[in-house]
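What follows is a set of notes on a single structure, which appears directly below.
The values are calculated or read from the model by the stated rules, or taken from the named source; none is laboratory data. Note that the structure is a prediction, hence the values are computed from the model and not measured. We place every Cβ from the backbone using ideal geometry, glycine too, and count neighbours over all the protein chains shown. When the accessible area is computed, the model is the full protein with side chains, heavy atoms only, and any ligands, DNA or RNA have been set aside. Shrake-Rupley method; radii C 1.70, N 1.55, O 1.52, S 1.80 Å.
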Amino acid sequence: MTRGFIYSIAAATLALSAPAMAGTVAPGDVVFADMSVATSMTGETGDPANGRKVFADRKKGNCLACHANTDLKNELFHGDVGPSLDGAGSRWSPEQLRAIVANSKQVFGDQTVMPGFYSLVVGKDIAKEFEGKTILSAQEVEDVVAYLTTLTD
Amino acid sequence: MLSLKSAALAGVILSGLSSFALAGGPVDEELVIDGETQITTRTKAAEGVPFEEVTSGWLYRTEETRALEADSFQNPGMLYVERGEEIWNTVDGEAGKSCASCHGDGQEFLKGVGAAYPKWNAKAGKPFNIELQINQCREDNMQAKPYKFDSADQKALTTYIKNQSLGMPMHVDLAQGDMQSWWDRGKETYYTRMGQLNLSCSNCHEENNGNYIRADHLSQGNVNGFPTYRLKQADMVSLHNRFRGCIRDTRAEFPAAFSDELMALEVYVTWRGTGLGIETPSVRQ
């Protein structure tokens, strides 16, 4: 009984998130101030469990290409192009993490090698299949940010 | 072999060390093929190259992969060298000639030739790599069809030709023709951010040389081993195929093989590795 109740709430939430899409901020309209993005870009809170998946997925965040993360130690081979993300949720506020993931150049400067995951400012000759698309959707960024906040010291 | 390695790695990870990457940087080892031919895998960088020392990709590979290259009986790329020698001596085309009909013994004629490519080709008014030179000889001198990009025979003959310069220092002559302006153009491409991931060659091979991107130990991206035998593909991989792969990984459209853009890149990247010994056929992961 209780379980069914929870599931139906989950379903209702899912149904609600569709109209909320309309409230999603476009990549070019995200407001960066003080190395932060103050509010959710979709109006929804992030789902850390999905964020963990997006983080590890080679076709999505592929964050392990460049970052080690002890929480995902079951995944072999963590890169070291960027710093380990252990404790990232203690070092940065959620608003800062949102800015870093959405467009790291706004936080670290143009020289950073970290891609902007919700930005249309990209390199030369973008492949046709990716034209006009961001690497992650706004909600996926929110989910990853929610996950990063769980990586505390 | 592989399972042992991953078991060792898993051990590192399970032991809870904060870094899951293996130690960075090239190994401190010498490459001597069959205990005979010493290959220069590190050397002082040419003036203007943004490294103290240029290093071969061989130094960044695992012990097993390095060992395969050091033993020509085990190196699967040597089969392509043999096949290339066969092609050299086989008549093809309307003129009824083989490469050997004009150039004679390949080992003699080709010694050192591959180490000095790309070269300015006055007739074409652009730099030529070995693949383009082969096609020119096939069309003009043999009345044979040019090879299609990455056809098996193109890769084998190129591998054979480069292998005749094994251990000789790679160098390009920028004083020939208009080479300098192609170098300029190649340099510009090298530092240009590309694709949805917004990365340049330099972001990976210069700034992060020695670091790991996932399981891949980032070398300086030198070209002295091409065509290279890749274990992952179980096949020879040409240089322009590699360039296109690296560009594709940034999620950018990749230029055609032998296009002006990639020829310019080849001139520039070859220059960066000046002095490294030719390793063809190198073995890579």
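Values as computed for the structure displayed
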{"item": "Matching option when the condition is without any contact (Cβ under 8 Å) to a residue 40 or more places away in the chain, away from every other protein chain (no Cβ under 14 Å) and open to solvent by less than 60 Å² (accessible area, probe 1.4 Å), among B:SER181, B:SER165", "result": "B:SER181"}
{"item": "Condition check for B:GLN154: without any contact (Cβ under 8 Å) to a residue 40 or more places away in the chain, crowded, with 18+ Cβ neighbours inside 10 Å, of a type outside the set (A, V, I, L, M) and in a helix (DSSP H, G or I)", "result": "no"}
{"item": "Filter pass, A:THR112 being of a type in the set (Ser, Thr, Tyr) and within 10 Å of chain B (Cβ to nearest Cβ)", "result": "yes"}
{"item": "Output for the stretch B:136-151, where each listed residue is touching a strand residue (DSSP E or B) at 6+ places or on another chain (Cβ under 9 Å) and closer than 15 Å to B:ALA257 by Cα", "result": "B:ASP150"}
{"item": "Qualifying residue in the stretch A:84-92 (condition: more than 10 Å from chain B (Cβ to nearest Cβ), touching a Gly at 6+ places or on another chain (Cβ under 8 Å) and part of a loop (DSSP other than H, G, I, E, B))", "result": "no"}
{"item": "Filtered residues of the stretch B:57-94 (kept if in a helix (DSSP H, G or I), under 18 Å from the mean Cα position of the chain (by Cα) and among the basic types (Lys, Arg))", "result": "B:ARG66"}
{"item": "Residue in the stretch B:234-248 that is assigned to a loop (DSSP other than H, G, I, E, B) and open to solvent by 50 Å² or more (accessible area, probe 1.4 Å) present", "result": "yes"}
{"item": "Criterion violated by A:PHE77 - all others in (1) surrounded by fewer than 18 Cβ atoms within 10 Å (Cβ to Cβ); (2) free of Cβ contacts under 8 Å to residues at least 24 places away in the same chain; (3) not charged (D, E, K, R) satisfied", "result": "(1)"}
{"item": "Subset of the stretch B:43-65 [of a type outside the set (Gly, Ala, Ser), buried (at least 22 other Cβ atoms within 10 Å of the Cβ) and closer than 14 Å to B:GLU29 by Cβ]", "result": "B:THR55, B:TRP58, B:TYR60, B:ARG61"}
{"item": "Residues of the stretch A:40-74 satisfying the condition of being open to solvent by less than 50 Å² (accessible area, probe 1.4 Å), small (Gly, Ala, Ser), assigned to a loop (DSSP other than H, G, I, E, B) and more than 14 Å from chain B (Cβ to nearest Cβ)", "result": "A:SER40, A:GLY46"}
{"item": "Some residue of the stretch B:270-284 being open to solvent by less than 10 Å² (accessible area, probe 1.4 Å), more than 15 Å from B:PHE128 (Cα to Cα), away from every other protein chain (no Cβ under 14 Å) and acidic (Asp, Glu)", "result": "yes"}
{"item": "Among the residues listed as B:ARG248, B:ARG242, the single one being among the basic types (Lys, Arg) and within 14 Å of chain A (Cβ to nearest Cβ)", "result": "B:ARG248"}
{"item": "Flag for A:ALA138 being touching a strand residue (DSSP E or B) at 6+ places or on another chain (Cβ under 7 Å), away from chain B (no Cβ under 13 Å) and surrounded by 18 or more Cβ atoms within 10 Å (Cβ to Cβ)", "result": "no"}
{"item": "Answer residue from the stretch B:187-225, given it is more than 30 Å from A:SER137 (Cα to Cα) and open to solvent by 30 Å² or more (accessible area, probe 1.4 Å) and is farthest from the other protein chains (Cβ to nearest Cβ) among those", "result": "B:LYS187"}
